[in-house]
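Engineer: Shown below is the structure under consideration.
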């Protein structure tokens with residue numbers, strides 16, 4: 001190998017960035033990373049804070065909560081409590097990545113390898129992103145959303161729109177379809193349909209709510225319950241069925257729902273996504289170094305920030321705040337490569353299907369077909385459990401003690417693995433609340449049911465959320481809990497009933 | 001496949017509208033924080049913004065999430081001491097650290113306040129929203145800020161009277177030199193050549209004629225370059241700059257007799273702070289005169305005004321007299337907008353009160369823009385209040401209010417300076 005390093009800065013220029021970009025792209029292709037075209041934007045720290053507070057989206061509708069987030073970010077950054085991320089990357093086609101002006105040249109190269117080839121290929125390859133998001137239309141959709149919300153503010157008043165958005169945001173996590181595959185339609189179709197929906201929906205809803213007394217004689221017991229099955233997508237249900245909403249309000253609910261749906265895959269693939277991107281910036285830059293393209297100074301700076309990123313503090317460290325997705329993901333990816341290249345007897349026993357096979361094929365397969373939950377349960381090896389010294393703790397409300405259930409030993413591997421997998425299962429972390437019933441012929445009240453998992457109760461904020469739900473629904477809203485023995489208890493309702501006064 | 005875009009020159013304040021919305025939404029809370037904050041400031045400290053803190057619960061965005069309790073399984077890295085089956089004492093709630101700490105992070109509602117800074121302008125806007133400087137309407141004709149004309153370099157366009165002849169001619173010379181330099185040097189060469197030919201024993205007539213013709217042509221072309229052209233012209237440029245002509249002076253009058261304790265003085269101080277800050281919104285240049293009095297009045301500095309102890313009886317008119325003298329001596333009315341705020345606990349030598357009314361009505365109220373009297377007391381009103389009530393009815397630049405406790409100050413200040421005060425409307 002000839003030692004002929006690229007200029008290692010520390011200051012970057014656009015020519016140097018181009019040079020690194022070209023080298024990285026060449027190596028990425030060598031490893032079969034399939035990406036959207038890259039659009040790399042250089043921005044300042046202030047602009048980075050702007051991007052932060054709008055959840056990384058380049059365009060967003062106006063809402064006070066983004067302002068609050070901005071103030072928080074600005075405050076933390078100014079006091080030095082927090083550094084800004086080196087990059088933000090957006091799942092769009094072309095894939096937009098932000099580089100911060102302050103970064104040194106080695107950092108810019110790291111970020112390009114990480115975001116423009118790591119994350120980018122993940123967005124393009126992973127099955128969740130393929131099914132749930134449409135990278136080519138997201139920017140157009142955001143523009144549409146921003147303009148639509150602004151238009152509504154002019155027509156109906158800022159206050160009105162803001163209240164509606166508040167309520168939608170409170171239920172944002174309940175605006176995704178978890179199982180039903182969404183249709184992909186283009187923006188133009190979307191806009192065309194939006195107009196049609198607007199005219200059509202209202203009449204549809206009125207039909208539903210016809211309460212003409214002619215059906216009085218009917219046996220109310222035999223009427224089919226509405227909805228016939230519990231609905232998990234609460235916002236969708238409201239958009240389609242809330243009796244009093246204006247068409248524009250339904251459209252705004254739809255916008256919030258769509259954006260929530262767009263982010264849903266990201267919430268489910270944090271470990272994989274970061275692990276994949278970290279693995280590739282590490283692999284690509286090392287490849288370039290082996291070719292003699294990078295200087296030692298460059299590598300030292302790169303390794304310094306790389307090791308910071310993949311550091312996992314132990315549970316009793318003051319820096320500990322849960323498992324670092326970068327560390328876990330990166331180490332698992334590296335471990336998969338090791339199992340393929342140098343399998344031990346243990347690996348052969350645990351992973352007979354890919355131990356000793358081609359590592360690149362295996363990694364691509366893993367990236368394309370899994371989410372965090374299934375990725376951990378399929379690929380977490382005993383070696384990683386040992387390296388991380390993972391242990392699980394059972395916290396039973398009824399018991400005065402916490403109990404160590406499993407540690408990183410022969411008997412504990414399976415248990416630790418399934419616990420960690422469950423830890424990344426979103427449906428375990430979000431309360432299971434579904435639309436249960438609408439009293440169509442009575443007071444139109446809406447009933448939700450909460451099914452607790454492992455006896456974990458709902459937090460106090462439920463009453464506040466019910467108020468938001470009431471604002472959207474327009475009639476009484478009740479929240480019930482299904483107990484272990486099948487009994488139903490009322491958790492709350494809005495508007496509340498004043499028992500004591502009567 | 002990649003291209004780079006330099007976005008650094010794009011606006012950086014993309015979040016400003018969202019920030020403004022946040023402030024608009026929490027105006028009530030922010031205002032409360034602002035009015036708390038003024039108590040901690042010096043009278044003339046207006047240079048800084050303010051750090052605002054709002055209780056976290058007021059700005060939380062509620063979502064459904066899991067509460068405490070139930071059965072949970074946590075997974076942690078870095079096991080250094082545990083074996084399967086170990087029992088660990090549950091860490092006391094509210095205290096992080098230890099093995100079971102996973103609980104704490106699930107609880108989304110921290111109790112910390114949400115703290116952030118607002119700029120000086122935002123601070124003042126919030127502080128004085130809906131307030132109006134009294135009697136500003138009347139004095140609108142004499143603008144608070146006058147424009148003064150200043151020289152500001154030269155420009156290519158202007159009125160003939162602003163023509164700068166020296167500059168224009170300099171430009172003309174420069175242009176002529178630049179346009180003819182080549183031709184002149186050629187001319188010189190030809191003339192030398194011609195002389196050389198003429199000096200020859202047999203002048204070659206033909207060559208001489210050609211040279212002469214050429215010289216003639218060059219001379220004509222040089223002469224055709226205009227002596228002065230439109231773009232040589234330079235005009236003196238003037239610009240108008242705001243020039244604060246209206247200066248304001250604020251008189252702080254306070255009773256420091258034995259009956260005024262430190263708590264009462266502190267309340268008065270807050271009132272003066274508000275007044276000062278309010279005036280700085282309108283005037284660029286403000287002087288403050290502190291006059292304190294018991295049986296005699298004295299002009300003092302801020303420190304002495306608020307914090308030195310005096311005892312004795314009370315004669316209010318002494319302060320008014322001193323103020324009148326100072327106005328006559330230093331603040332002739334033409335240049336100065338005079339504001340005065342008097343704080344007292346209402347005590348006065350009974351025979352003196354009519355005297356005060358007399359001085360105010362006949363002298364001071366004619367020259368001051370606004371005179372505010374606040375009485376800080378929990379007792380019944382005395383003669384001074386009753387005397388002043390007569391004034392308040394007769395003059396619309398005189399206002400009086402009664403303060404009982406600290407909480408009253410801000411509302412009463414707002415009351416005094418509320419936009420379109422009814423009294424003014426009635427008078428107008």
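Coordinate-derived values only; no laboratory data. Nothing here was measured: the structure is a model prediction, and the numbers come from that model. Quick reminder, even Gly has a Cβ in these numbers, built from the backbone with ideal geometry, and neighbours come from all protein chains shown.
Engineer: Run the numbers for residue B:212 and residue B:167: contour at 0.36 nm per residue of separation, minus the present Cα-Cα distance, in nm.
Structural biologist: That works out to 12.5 nm of additional length.
Engineer: I would also like to ask the following. For the protein assembly as shown, rounded, prolate or oblate, judged on the Cα gyration tensor with a ≥ b ≥ c (square roots of eigenvalues), a/c < 1.5 rounded, else prolate if a/b > b/c?
Structural biologist: Values: a/c = 2.06, a/b = 1.15, b/c = 1.79.
Cα axes put the protein assembly as shown in the oblate bin.
Engineer: Per residue, what volume in Å³ does the convex hull of the Cα atoms of the stretch A:318-428 enclose?
Structural biologist: 120 Å³
Engineer: Starting from 0 in steps of 10 Å, tell me what percent of the Cα-Cα pairs of the stretch B:247-422 lands in each bin.
Structural biologist: Whole-percent P(r) values from 0 Å outward: 10, 42, 40, 8, 0.
Engineer: Report the antiparallel proportion of the DSSP beta bridges in the stretch B:219-363 as a percent, rounded to a multiple of 5.
Structural biologist: Roughly 20 percent of the DSSP beta bridges within the stretch B:219-363 come out antiparallel.
Engineer: Separate question: Between residue A:454 and residue A:349, with labels modelled 7 Å along Cα→Cβ, what's the label distance in nm to one decimal, could you check?
Structural biologist: 2.8 nm
Engineer: In addition: Mean residue ellipticity at 222 nm from the helices of chain A, using -39,500 (n - 2.57) per DSSP H segment of n ≥ 4 over the full residue count, to the nearest 500 deg cm²/dmol?
Structural biologist: Counting only the DSSP helices, I get -16000 deg cm²/dmol.
Engineer: Could you give the length gained on full extension between residue A:386 and residue A:463, defined as 0.36 nm per residue of separation minus the Cα-Cα distance, in nm? Before the final figure, lay out the partial values.
Structural biologist: On the way: separation 77, 0.36 × 77 = 27.72 nm, distance 4.37 nm.
Once the chain is fully extended between residue A:386 and residue A:463, it gains 23.3 nm.
Engineer: In what sequence do A:11, A:358 fall when counting other Cβ within 10 Å, fewest first?
Structural biologist: Taking fewest neighbouring Cβ atoms as first place, the list is A:11, A:358.
Engineer: Taking chain A as the reference, fit the longest principal axis to its C-alpha atoms, fit the long axis of helix A:359-369 to the helix C-alpha atoms, and give the angle between the two in degrees, 0 to 90, nearest 10.
Structural biologist: The helix A:359-369 is inclined about 10 degrees to chain A.
Engineer: Still on this model: Can you compute the modelled spin-label distance between residue A:396 and residue A:7, with each label point 7 Å from Cα toward Cβ, in nm?
Structural biologist: According to this spin-label approximation, the distance is 6.7 nm.
Engineer: Next question. What relative contact order, as a whole-number percentage, does chain A give when Cα pairs under 8 Å and 6 or more residues apart are counted?
Structural biologist: Relative contact order comes out at 15 percent.
Engineer: Let me ask another. When B:271, A:237, A:391, B:227 are ordered from fewest to most other Cβ atoms inside 10 Å of their Cβ, what list results?
Structural biologist: Fewest-to-most Cβ neighbours within 10 Å comes out as B:227, A:237, B:271, A:391.
Engineer: Give me the one-decimal nm value for the distance between modelled label points at residue B:266 and residue B:415, 7 Å along each residue's Cα-to-Cβ direction.
Structural biologist: A separation of 2.2 nm, rounded to one decimal place.
Engineer: Related question: Can you tell me what share of the DSSP beta bridges in chain A is antiparallel? A percent to the nearest 5 is fine.
Structural biologist: Just about 65 percent of them are antiparallel.
Engineer: Mind running the shape call on the stretch A:430-494? Use the C-alpha gyration tensor, a ≥ b ≥ c as the square roots of the eigenvalues: rounded below 1.5 for a/c, prolate if a/b tops b/c, oblate otherwise.
Structural biologist: Values: a/c = 2.44, a/b = 1.44, b/c = 1.70.
Oblate.
Engineer: Counting other beta carbons within 10 Å of each Cβ, put A:177, A:395 in order, fewest first.
Structural biologist: So the ranking, lowest neighbour count to highest, is A:177, A:395.
Engineer: Extension gain residue A:104-residue A:304, at 0.36 nm per residue separation less the Cα-Cα distance, in nm? If you can, show how the numbers build up before the last one.
Structural biologist: Numbers: separation 200, 0.36 × 200 = 72.00 nm, distance 1.30 nm.
Difference between extended and current length: 70.7 nm.
Engineer: Rounding to the nearest 10 and keeping the result within 0 to 90°, find how far the Cα-based axis of helix A:138-156 lies from the longest principal axis of chain A.
Structural biologist: 40 degrees
Engineer: Compute the helix-to-body angle for A:462-473: its Cα long axis versus the longest principal axis of chain A, expressed 0 to 90° and rounded to tens.
Structural biologist: Relative to chain A, helix A:462-473 is tipped by roughly 60 degrees.
Engineer: For chain A, what are Rg and Dmax over the alpha carbons, in angstrom?
Structural biologist: Cα-based Rg and Dmax for chain A come out at 26.1, 92 Å.
Engineer: From other protein chains only, count the Cβ atoms within 10 Å of every residue's Cβ in A:392-400, then give the mean. Can you show the working numbers first?
Structural biologist: Numbers: counts 7, 11, 4, 12, 5, 5, 3, 3, 3.
Counting other chains' Cβ atoms within 10 Å and averaging over A:392-400 gives 6.
Engineer: What FRET efficiency would be calculated for the residue pair residue A:130, residue B:125, taking the C-beta separation as r and a Förster radius of 51 Å, to the nearest 0.05?
Structural biologist: So, using R0 = 51 Å, E works out to roughly 0.50.
Engineer: What is the calculated FRET efficiency for residue A:29 to residue B:84, with r their C-beta to C-beta distance and R₀ = 56 Å, to the nearest 0.05?
Structural biologist: 0.70
Engineer: On to the next question. Rounded to the nearest 0.05, what FRET efficiency is calculated for residue B:220 and residue B:157 with R0 set to 25 Å and r the Cβ-Cβ distance?
Structural biologist: E(calc), rounded to 0.05, equals 0.15.
Engineer: Still on this structure: Count the DSSP beta bridges whose two residues both fall in the stretch A:430-494, then state the antiparallel fraction as a percent rounded to the nearest 5.
Structural biologist: Values: 12 of 17 bridges.
Around 70 percent antiparallel, to the nearest 5.
Engineer: Counting only C-alpha contacts under 8 Å and six or more residues apart, can you give the relative contact order of the stretch A:318-428 as a whole percent?
Structural biologist: Computed over the stretch A:318-428, the figure is 22 percent.
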